[in-house]
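Let me begin by presenting the structure, written as structure tokens, before commenting on it.
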Ligand SMILES: [Zn+2]
């Protein structure tokens with residue numbers, strides 16, 4: 001069940017891509033947040049281009065160093081707080 005909760009953080013399109021990846025790789029790829037422009041899995045700097053793609057949310061981006069799937073926590077947080085501000 002925890003895996004599905006992880007997917008809840010994903011835009012729907014990305015969740016679909018993730019499921020496909022999980023089907024291909026038996027163990028399934030890990031998903032790690034980008035923090036301070038670093039992959040929090042291996043702490044290598046993530047390229048700006050990769051960050052931009054993750055922000056756009058159209059593509060599933062993986063860390064060039066450790067191949068974990070990357071997402072940005074800040075974007076999700078910002079979006080939810082904006083929605084709250086708009087509804088009030
Ligand atoms: Zn990494």
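Between residue 66 and residue 40, the contour length at 0.36 nm per residue exceeds the Cα-Cα span by 8.3 nm.
Each listed q (0.20, 0.24 Å⁻¹) maps to a log10 I(q)/I(0) for segment 37-77, found by the Debye formula over equal Cα scatterers with no solvent: -0.52, -0.75.
None of the figures in this text is laboratory data; all of them are computed from the coordinates on show. Here the structure is a predicted model, which is why all the values come from computation and not from measurement.
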